[in-house]
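Working notes, structure below.
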Amino acid sequence: MARLTRALLMALATAGSATAAPAESTTTTTTQNATADGLHSLMVKAGKMYFGTAIDVNNFADAKYMAIADNKNEFGMMTAENSMKWSSSEPNQGKFAFASADKVVERAKKNGQGMRCHNLIWYNQLPSYVTSGSWTNETLTAAMQTHITNVVEHFKGACYAWDVVNEAFGDGDGSYRQSVFLKNIGEAFIPLAFQAAAAADPDTKLYFNDFNLEISPDKAAATLALVKDLQARKIRIDGVGFQGHLVVGGTPTRDALATSLRQFTALGVEVAYTEVDIRFESLPASSSGLEQQAQDYAALVGSCLDVKECVGVTVWQFSDKYNWVSSVFKGKGDACLWSADYAKKPAYDAVIKVLQDAISSSGTSKIPGFMMDEGVFFW
Ligand code: XIL
C-alpha cells in the first residue's frame, strides 16, 4: 500500500478521538450533547473507514454550514459536488482549471479529512466542445485519455478513490446510456477510461459509480457484467459506488440492500454509498414521513455495516438548504440529515442510533470491516 494512502487511512482511523463541538448544537432537535460522537467518529468505531459528504466552494461563505462540514467528528471524507467534473476541470480543450477543486482539497486536508474524487467520465456536465465536437473514435479516445491523465495526476495523493466512469447505464433497464463517448468509441470507452486512470495513479481506488443499483436488478446485472468483463481483461477496478439517491418509503430494507452490495463484493471489489439523499416525493414532510425517512437512512447505513467490504457512506450534501434534488425534481426534496436551518432531523438521530447499536451489540472487533495492524488497514 502506498505511503500516502496509508497516511490517509491512519489519519482517518484516528478520527474517533475528534472532539470538536458542533457550532449548531444549540439548534439541535436531539438530546445529543455538543461533544457526543458524530457520524464519522461512530462510523470509524463501528469498523468502517468513513462517513462523508459532498460539498463545494460555493458553500464556503456559509459559516453555519462550514461549522458542520469542517467538523471531522461528523465527516471524515469529502467529495467536491461539481468542481472536479469535466466542465469545471477542463472547460476548454487542453486548458485545465483546478482552482475551485483545489480549495476543496486544501480545506479537507486542513481538517484531516480524506477525499473521494468525482468524476472523470460522465455523459453530463461536459463542456460544449466535447458534446458538440466532431469526433472520431481515435480523437475522442485521445481527448478522454488526456483529460483523465491530467486530472488524476493533478490530484495524485489526495484522492482515496476516483469515480472513473459515472452513470454508464440507463435509468433502469441495464442498457448502455447514450452519450458522446458511447456514440464515438462504443462500449470500449469504459475499459479505456479505467486503463488511463490506473496508469495515472496506481494508488487511488478506481470506482464505477451509478444510481438505482439499489432498486433495479437489470441495472445491477449490467454493472456486475461490466465488473466481470474488466476483471477478465485484467483491467483494474477496485470498487462500485452505489449513489443512493432514494425515495422516502421506496428505500429497500437493510437486508435487501446488504444483499445488493454483496453481489458486488462477491466479485472481490469494495463498495460504498457515494451520493446518498432520500427525498420526499411531495412536500412539506409530515412527522410520520420524517420517521419513515429516518428508518430508510438507518436501513442504508445498517446495510453498509453488515457488509465487510463496504468502506463508507457519503451523503450528497447534509443540509436541505443545498441539496440538488429540489432544483432538479420540482416540488420534491428535503432529502438530507439536517434541515435547511441546520437542525438535526430524525434521520440524523436514526443514523447515530444504528451506529451506536452496532458498536454496543458487537464491539468493534466483531463488526465486519477494517482491521488495523501496526497502523495499516487491510481486509
Ligand atoms: C449534481 C449536483 O449535485 C448538482 O449541483 C449539479 O447541478 C448536477 O449534478 N449523480 C451524480 C452527481 O453523479 O454528480 C450529480 O450531482 C447528482 C447525480
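FYI, it's all coordinate maths here, none of it is from the lab. If you're wondering where the values come from, they're calculated on a predicted model, not measured in any experiment. Positions of Cβ are backbone-derived with ideal geometry, glycine not excepted, and every protein chain shown enters the neighbour counts.
Please figure out what share of the DSSP beta bridges in the chain is antiparallel and state it in percent, rounded to the nearest 5.
Looking only at bridges with both residues in the chain, the antiparallel portion is about 15 percent.
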Legend entry - Phi-based couplings in Hz for the range 231-240 (Karplus 6.51, -1.76, 1.60; Gly and Pro marked x): 4, 4, 8, 6, 9, 5, 9, 9, x, 10
Inset, instruction - For Cys310, enumerate residues with amide H under 5 Å from its amide H, sequence gap 5+ or separate chain, H modeled in the peptide plane. - result: Val271
Legend entry - For the range 132-205 and the range 214-277, distance of Cα centres in Å: 19
Legend entry - For Leu246, residues with placed amide H under 5 Å, excluding near neighbours: Asp277, Ile278, Arg279
Inset, instruction - State the extension gain, in nm to one decimal, for the chain segment bounded by Ser288 and Thr131, taking 0.36 nm per residue of separation less the distance between their alpha-carbons. - result: 52.1 nm
Legend entry - Local net charge near Ala200, Cβ-Cβ under 10 Å (Lys/Arg +1, Asp/Glu -1): -1
Inset, instruction - Give me the net charge of Gly170's neighbourhood, meaning all other residues with Cβ under 13 Å from the Cβ of Gly170; Lys, Arg count +1, Asp, Glu -1. - result: -3
Legend entry - 15 Å beta-carbon shell around Asn184, net charge (K/R +1, D/E -1): 0
Legend entry - Backbone HN-Hα couplings from phi across the range 331-336 [Karplus 6.51/-1.76/1.60, Hz, Gly and Pro as x]: x, 10, x, 6, 8, 9
Inset, instruction - Under 1.5 on a/c is rounded, so check that first for the range 42-195, then, if it is not, pick prolate when a/b is larger than b/c and oblate when it is not; a ≥ b ≥ c are the square roots of the alpha carbon gyration tensor eigenvalues. - result: prolate
Legend entry - Cysteines not pairable in the chain (beta carbon separation under 4.7 Å absent): Cys336
Inset, instruction - Mind jotting down a quarter of the surface of the convex hull over the alpha carbons of the chain, in square nanometres, one decimal? - result: 17.3
Legend entry - Prolate/oblate/rounded label for the range 134-211 (Cα gyration tensor, a/c 1.5): oblate
Legend entry - Cα-only Debye scattering, the range 30-122: base-10 log of I(q)/I(0) at q = 0.13, 0.14, 0.16 Å⁻¹: -0.48, -0.55, -0.68
Inset, instruction - Give the residue from Gly157, Val248, Gly333 lying farthest towards the positive end of the charge dipole for the chain; charges sit on Cβ (+1 for Lys and Arg, -1 for Asp and Glu) and the dipole is referred to the Cα centre. - result: Gly157
